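Taken together, the values in this text are just the output of simple stated rules run on the coordinates, not laboratory data. The structure displayed is predicted, hence computed values, not measured ones. Note that we place each Cβ from the backbone using ideal geometry, even for glycine, and neighbour counts take in every protein chain shown.
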Amino acid sequence: MREFLIFGRHLLHILRYVRGVMLVLLAALLTCAVLVAQVENMGFGDALYFTLITGLTVGYGDIAPATTTGRVVSIVAGVIGVVYVGIIVAVATRALRDAVHQDRGIRDESRNDAEGH
C-alpha cells in the first residue's frame, strides 16, 4: 500500500506539469463533439460518446459519421485522443519510475540505519 501511495504522489506531482496541455486537448475533444453534434445532426450526449470512443481508438461502430466533415472531425478526434492517452501513459510511466527510485532509496536508508552506517 505504501508503494501505491508513493506512486500516487508522484503521479499527481507530474500531472501538474502537463495539466495545461491535457486541458487544451480535452477542450479540443469537446469542440470535436460539438462539431459532430451539429454536422451529424445528433444529440450532444451521443456526439460526446462518439468522440470519446473515437479518441480512445475503441470505435465500437454503433455510431458512425455520415458526412465528410463528420469524418474529418472524427479523424482529428482520433489523433487528439492518441496524443492524450500517450501523455497519460508517459506520465504514469515516469511516476512509476520515480516511485521505484524513491522506494529503493527509502529501503537503502533503512537498511543502512539498521546496519549502523
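Want the number for Val83 to Tyr17: 0.36 nm per residue separation, take away the alpha-carbon distance, what's left?
The Val83-Tyr17 span can extend by a further 22.2 nm.
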Which value in nm describes the separation of the simple spin-label points at Asp46 and Val24, placed 7 Å from the Cα toward the beta carbon? 3.3 nm
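Where does the charge balance sit around Glu40 when Lys and Arg score +1, Asp and Glu -1, over other residues with C-beta under 15 Å from its C-beta?
Working: positive: Arg71; negative: Asp46, Asp62.
Its environment carries a net charge of -1.
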Nothing charged except the Cβ atoms of Lys and Arg (+1) and of Asp and Glu (-1): what's the magnitude of the dipole of the chain about its Cα centre? Round to the nearest 20 debye. 200 debye
Return the FRET efficiency for the residue pair Asp62, Gln38: r is the Cβ-Cβ distance, R0 is 35 Å, and the value is rounded to the nearest 0.05. 0.95
What does the convex hull of the alpha-carbon atoms of the chain project to on average, in nm²? 8.9 nm²
Provide Leu23, Leu11 in ascending order of the number of other Cβ atoms located within 10 Å of each residue's Cβ, fewest first. Leu23, Leu11
